[in-house]
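Let me begin by presenting the structure, written as structure tokens, before commenting on it.
The values are calculated or read from the model by the stated rules, or taken from the named source; none is laboratory data. Predicted model, so just to flag it, every value in this text is computed and none were measured. So basically every Cβ, Gly included, is an ideal-geometry build from the backbone, and we count neighbours across all protein chains shown.
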Amino acid sequence: MRLKFSPRLIPAVVVALIVAFVVHSNWGSASVTGQTIATFLVVGIALGGVYAISAAGLVVTYATTGIFNFAQAAIGCFLAFCYWQLTVQWGLPTLVAIAITLLVIAPAIGIALDRVIMRRLRDAALVVQLMVTVGLMLTFMGITLTIWSPKSPRSVPHFFEDTKGVQIGDVIATWHRIITVAIALLVAVALRFLLYRTRLGISMRAVVDSRSLAGLTGAKSSVISGASWSLGCMTAGLAGILIAPETGLVVENLALVIVVAAAAAAIAQLKSLPMVFVGGLIIGLSEGFSSVYLNFGTDWNYAPQAIPCVILFIALLFLPQARLETGKVRLTKRTERLTKPWEAALGGGVMIVLVGAWANGWIPWFSGTTFGERSAVWLGRGVGFLIFGLIMLSLVPLIGWAGQVSFANFAIAGIGAVLFSHFGGQNGSPVGILIVMLVCAPLGLLIALPALRLKGLYLALATLAFAEFTDKVIVRHPNMIDPSATGVLFKPLDIFGVHISSDAADRKAFVIFLIVTFAILFFMLELMRRSRWARRWIAMSDSPAASATIGINLTTTKMAVFMLSGAMAGFAGCMLGLSQGALRVDSFPMFVGLPLVLLLAVQGVRYPVAAFMGLLGLASFPALSEVMGNPSWLTQVSLIGPGIAAVAMAYRPEGAVFYSGRDLAGLLPWRADAREEKALLDQRTRDQDIGRDEINDLGISRAFTREKVAQLDRVLSISDAVDEHPMVVSTGVTK
Amino acid sequence: MRFGVLQAVSQASIEVHAGRVTGLIGPNGAGKTTCFNVITGLQEPTSGKVLLEGVDITGKSPSKRARLGIARTFQKLEVFGSLSARENIMVAAEQRKSWDKSGFDPRKVTDEILEKVGIADVSEFMVGTLPTGTARLVELARALATNPRLLLLDEASSGLTEEETEEMAALLRRLVADDGLGILLVEHDMSFVMGICEYIYVLDFGRVIATGTPAEVQANPTVQAAYLGTDATEEAS
């Protein structure tokens, strides 16, 4: 008999050894007794149950609609606050409050999301799908923060808080935990029943297998997607209500459950419900184990919070390689012409002149500014916006061209800032910047490595986990950022005798330096877009299968773009450190990086100029605020801004730069080609419209609607029976 | 020169010879595209081998196989929609640089192929905006830019007008006669297949049910049964 040797055995052993080492070297004072084991099991199973509930909703929504809902936990957070409002604030009985929250509010949110946004995303690019749900996540967080101010602390009581619980051996399991486990089991059984024993559930599963075939059998896709979004929101709310007493009713904590749910969902390969529950348990038990037995000491104080991130990474290592799929290419009717080098140079020049003039105070800036002088406060803000612009710029080749959706660049910049404080920053050496860039380039690669062979969504998850890991573990180690250090860590950077630093007197030079580097990088990216590298990245993004069959090695091609993007983020990181002067351990939360990606995507992730528009967008809020005398509603608008952006993306997936660029290009005197091309394209689109001639022959001048189809049927004397299969008609013809 | 393929859809052995067009036909779901995927490495066969000029290339990655001279087009378009037609071809020609050290200029090769395939006048358009028929030509041109020895065409004529189909047939004949390419063609347009192929394999349920010259295949009763569906009448009754 031949011994079967799995290729995954080696990484499995390595991971097991590392885990064993970490456990061994951080073993706390607790000894393994029946009592501690029971404690860890009770804690772990209860936590695992909650995670599984949230992840199950995530998987059901993903499997039936193809959209991974990053807003899942944020919606759960919002619903947990609703529940708090109903019970604690308004004094409704617990069960009534739960019923209202989960059976009224949650489905309403789900159906609204499905109607307004999600249906439009079915065939959208991954970037758009992800950005929309990320936007929603930030929105639900924003709405919650707006309605329930974080200044007054709240707490959700445990179920049966006053009772003692059940004695299991020497350990008391609270009723809340017992109920949690029971509910998790109930959810598992209910989902199983729903998906296998009800008509709706069977249709939902049919959609997973083949959307078009499911349509042919008469399953209504609108009902199915509405139901799965409602189901997703209900599980999210349930998880939120169950976990809120444990984590505290705090927006960030509850929204972060998304990382855990994503890890459990990844273990389940985003499809298997039983594995979701296994995944939830693995994470819950790991956290329980760590809380009972391990003591990471002060240096790694926050390490337990990163357990889900680590498990997500490990899960990614063991997922089977994604097949190169064909037949998934989306062709958008998008004309664009490559920017000519001189146009790019002109654009960069305009940026420098604009920002330079602003920094010198030559552009009048609202109330209280005198001509020729810009306030230090505003110069400081300008520095910040430009650095965010640099981070957005680093995302253009990565996300826009190569289609690799990464949320990690702000975290990389954070690490860059920390590294710069150790290498070069402390004595104002520009060489340090180079060192940091050289370190950050492979760092970008390292994060992507486990996800390179998987489909794009997993990369997004991995980078999200890394961003969280960076915030919670890497920068919190005292060797990275010394929390006891006071004062400015960075010496001013000396560029040809000009000092650049966070110091008020150096800020104008800082702004000028940043806009010049920004413009240079912009120009270089525009040149690069015309190079074989960009062509290869775009080809890989448009059709991985076709790229492979013309000889492109997808792995090395991806690696190259991650290194470029990582290096650019590293540079932005140096600037970030320099601008902050003193680094604080809580400077790089994951939630700061997300709006940057969103903002870029809204502007048009393919275009370098979108990074500039994005930073103007960032600047517009404080600017407006100053003009209007700091109205509080503007803050609220800025909190739900991501949601507006999300909706905008669903309707305008190519980004603002593209749509405005298409219209504006014709206005430029030298762009006769843009005017001609637009006319030509309009003609072409008209010619190509499916069935246009037939429609004309029949005397119907507009595109198909259901009524028109009925009319057509009458003209063609097809019986009314067609009405019974509306799906066939709408998928076949209206598209 | 001979390309041998043993394919495990279930049992199908297909040989493609250089300098001629071989046809692969069969009803929907017969396994034609799977067969293409196995030859180009997008899918691994559970058993069976892919031989290129006698060398076993089973298990090699798609990009390695491209280097060895296999190129293909796809049934459902797999063009690079956000690149111009010229860039689509250029990216393949540039890639060829990494293994073909004959010192050619990718730009020149691109221009030649644009001319050869007859899409020079749309070369600056983004492929996403082109009609399907033209986009198919871009795909063919892109495949040619890798300078293949074996070219797999999946439904090359679908979406083409009658006129374009004739041009396509003429082009394929030139490629075979002048450049000595081996072409394997999956096609539903029977007059196109019968007109251009020298040898035809008929696939049904993953098995080769008939082989031979166009005339032989057309006369084969098994083929007629597979296409017309003998048991379709039974089901209806």
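Observations, loosely collected:
- Failed condition for B:P27, given (1) over 24 Å from A:T556 (Cα atoms); (2) within 11 Å of chain A (Cβ to nearest Cβ): (2)
- Residue that is at pLDDT 85 or above, out of contact with any strand residue (DSSP E or B) (no Cβ under 7 Å at 6 or more places or on another chain) and part of a helix (DSSP H, G or I), where the choices are B:E234, B:E163: B:E163
- Selected residue (only one of B:R107, B:R96 is part of a helix (DSSP H, G or I), more than 10 Å from chain A (Cβ to nearest Cβ) and at pLDDT 90 or above): B:R107
- Residues being closer than 16 Å to B:E53 by Cα, within 8 Å of the chain's Cα centre (by Cα) and within 10 Å of chain A (Cβ to nearest Cβ) - total across the range B:140-157: 1
- Residue that is farther than 24 Å from B:I119 by Cβ, part of a helix (DSSP H, G or I) and among the aliphatic types (A, V, I, L, M), where the choices are B:A210, B:A215: B:A215
- Of all residues making up the range B:132-160, the number that are assigned to a helix (DSSP H, G or I) and under 20 Å from B:A18 (Cβ atoms): 4
- Only one of A:R584, A:R530, A:R536 that is more than 14 Å from every other protein chain (Cβ to nearest Cβ), among the charged types (D, E, K, R) and touching a residue at least 12 places away in the same chain (Cβ under 8 Å): A:R584
- Lone qualifier among B:K76, B:K101, B:K32 - being of a type in the set (D, E, K, R) and closer than 30 Å to A:R606 by Cβ: B:K76
- Taking the range B:60-73 as the range and being buried (at least 24 other Cβ atoms within 10 Å of the Cβ), touching a Lys or Arg at 6+ places or on another chain (Cβ under 9 Å) and at the interface with chain A (Cβ under 7 Å from one of its Cβ atoms) as the test, the residues that pass are B:A66, B:A71.
- Meets criteria (in a helix (DSSP H, G or I) and surrounded by fewer than 24 Cβ atoms within 10 Å (Cβ to Cβ)) for A:S291: yes
- Any hit, the range A:415-427, residues being under 24 Å from B:S84 (Cβ atoms), buried (at least 19 other Cβ atoms within 10 Å of the Cβ) and among the hydroxyl-bearing types (S, T, Y): no
- Given (1) out of contact with any Ser or Thr (no Cβ under 7 Å at 6 or more places or on another chain); (2) buried (at least 23 other Cβ atoms within 10 Å of the Cβ); (3) farther than 26 Å from B:D100 by Cα; (4) modelled with pLDDT of 90 or more, number of the condition B:R142 does not satisfy: (3)
- Among all positions in the range B:157-180, there is no residue which is within 19 Å of A:T549 (Cα to Cα) and crowded, with 24+ Cβ neighbours inside 10 Å.
- Evaluating A:A519 against the criteria (1) over 30 Å from A:E336 (Cβ atoms); (2) of a type in the set (A, V, I, L, M); (3) under 29 Å from the mean Cα position of the chain (by Cα) leaves one unmet condition, (1).
- Only one entry in A:T326, A:T335 is at pLDDT below 90, within 14 Å of chain B (Cβ to nearest Cβ) and under 21 Å from A:L527 (Cα atoms), namely A:T335.
- Summed over the range A:43-65, the residues that are surrounded by fewer than 24 Cβ atoms within 10 Å (Cβ to Cβ) and either free of Cβ contacts under 8 Å to residues at least 12 places away in the same chain or over 21 Å from A:V189 (Cα atoms) (or both) give a count of 1.
- Pairs with Cβ under 9 Å, 6+ apart, first in the range A:157-174 and within 30 Å of A:Q85 (Cβ to Cβ), second loosely packed, with under 14 Cβ neighbours inside 10 Å: A:A173/A:V166; A:A173/A:Q167; A:T174/A:E161; A:T174/A:T163; A:T174/A:K164; A:T174/A:V166
- Residue within the range A:547-556 that is more than 14 Å from chain B (Cβ to nearest Cβ), under 31 Å from the mean Cα position of the chain (by Cα) and not small (G, A, S) present: no
- Residue in the range B:181-197 that is hydroxyl-bearing (S, T, Y) and within 14 Å of chain A (Cβ to nearest Cβ) present: no
Here's the yes/no breakdown for (1) buried (at least 22 other Cβ atoms within 10 Å of the Cβ); (2) under 25 Å from B:F205 (Cα atoms):
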| residue | (1), (2) |
| --- | --- |
| B:L42 | yes, yes |
| B:S47 | no, yes |
| B:A85 | yes, no |
| B:I89 | yes, no |
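- Screening B:S102, B:S47 for residues that are small (G, A, S), within 22 Å of A:R323 (Cβ to Cβ), more than 8 Å from every other protein chain (Cβ to nearest Cβ) and more than 19 Å from the chain's Cα centre (by Cα) leaves exactly one candidate, B:S47.
- Scoring A:F68 on the criteria (1) touching a residue at least 60 places away in the same chain (Cβ under 8 Å); (2) not assigned by TED's automatic domain parsing to the domain that holds A:T146 leaves a single failure, condition (2).
- Residue within the range B:76-85 that is part of a strand (DSSP E or B), within 14 Å of chain A (Cβ to nearest Cβ) and of a type in the set (A, V, I, L, M, F, W, C) present: no
- Options A:I311, A:I243; residue that is in contact with a Ser or Thr (Cβ under 7 Å, 6 or more places away or on another chain), modelled with pLDDT of 90 or more, part of a helix (DSSP H, G or I) and within 27 Å of A:H158 (Cβ to Cβ): A:I311
- Number of the condition not met by A:F159 [criteria: (1) assigned to a helix (DSSP H, G or I); (2) more than 20 Å from the chain's Cα centre (by Cα)]: (1)
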